[in-house]
Amino acid sequence: MATQDELKRMAAEKAVEWIPENEYIGIGTGSTVAFFIEALAKSGKDIRGAVSSSKQTSALLAQYQIPEINLNQVHGVAVYIDSADEINHSLQMIKGAGGALVNEKIVAAAANQFICIADESKYVAKLGRFPVPVEVIGHARSLVSRQLLKLGGEPTLRLGFTSDNGNEIVDVHGLSIYEPVKMEIAINAMAGVVDNGLFAARPADLLLLACADGVKTIRPNVTI
Ligand code: 5RP
């Protein structure tokens, strides 16, 4: 039976087939994405440049000699490749275990197509077993946490962690996420919140899901 890492690698290698040559692409963050960067480099595909979502990804791009480009230098990216912590059947996601959610959402917003790559353990009927990360301005942490409690969640400060943007992250456990877009908007409306790890208003367009019997290509199955 394939391990979780083997499944992540399978999804990552499949994603290389979806990368157009001579275009700018966006690249997410995490262990699945690390497999993708390695596979992209080995493929020899010629991309114009990659917009990175984190310092971790930038370091990998440099290691594999993939040219990095700043988002301000391009009008957008043809495709954004990233993984998720959970993804539902509408391809809405919870992201941010790696703490790169703010920059990931920015690059995803600039993409014509968002392709999520994941192993089958990430595919869920309902979002919310995984905590929702909320990036906050440090001195607003307690204010935001009190409001998150009123939303029915249990906020926990991610100890010893600072995001690439210099902010803190509060992980919110136990939220009942029946309407992911409304929840994403409600959390972002709180003063002091930079962004949160619900990727619902802009879901993925395509999911490459690695299962024991191969990589499945999944499109969203309901209108949002
Ligand atoms: C980082 C993310 C990652 O995509 C998510 O945490 C999945 O990571 P991995 O591929 O390591 O399982 O959102 O902020």
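Just so it is clear, none of the values below were taken in a lab; they were calculated from the coordinates. Bear in mind that the values here come from a model prediction, so they are computed numbers and not experimental data. Neighbour counts are summed over all protein chains in view; Cβ atoms, including those assigned to glycine, are modelled from backbone coordinates with ideal geometry.
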What is the magnitude of the charge dipole of the chain about its Cα centre, with +1 placed on the Cβ of each Lys and Arg, -1 on the Cβ of each Asp and Glu, and no other charges, expressed in debye to the nearest 20?
440 debye
In region 63-138, with Lys and Arg counted as +1 and Asp and Glu as -1 at Cβ, which of these residues, I137, S83, I66, has the Cα nearest the positive end of the dipole, that is, farthest along it?
I137
Note the count of lysine pairs whose C-alpha atoms are less than 19 angstrom apart in the chain, limited to pairs 8 or more residues apart or on different chains.
19
Normalised radius of gyration for the chain, please: alpha carbon Rg relative to 2.2 N^0.38 Å, two decimal places.
0.98
What size of dipole, in debye to the nearest 20, comes out for region 1-113 about its Cα centre when the only charges are +1 on Lys and Arg C-beta atoms and -1 on Asp and Glu C-beta atoms?
140 debye
Multiplying the sequence separation of L157 and E179 by 0.36 nm and subtracting their Cα-Cα distance, what value in nm do you get?
5.5 nm
Once you have the Cα-Cα distance between H89 and V74, take 0.36 nm times their residue separation minus that, and quote the gain in nm to one decimal.
2.3 nm
Using R₀ = 35 Å, calculate the FRET efficiency as 1/(1 + (r/R₀)^6) where r is the Cβ-Cβ separation of D46 and A186; round to 0.05.
0.20
Expected output is a single nm value to one decimal: the length gained when fully extending between L143 and T3, i.e. 0.36 nm times separation in residues minus the C-alpha distance. What is it?
46.3 nm
With the dipole of the chain defined by +1 on each Lys or Arg Cβ and -1 on each Asp or Glu Cβ, the option from G214, I117, A189 whose Cα lies farthest towards the positive pole is A189
Find the centroid of the Cα atoms in region 79-144 and in region 30-78, then give the distance between the two in whole Å.
19 Å
Once phi for every residue in region 155-169 is put through the Karplus expression 6.51 cos²θ - 1.76 cosθ + 1.60 (θ = phi - 60°), the whole-Hz ³J(HN,Hα) values, with Gly and Pro written as x, are x, 10, 5, 6, 5, x, 10, 10, 6, 4, 8, x, 10, 9, 10
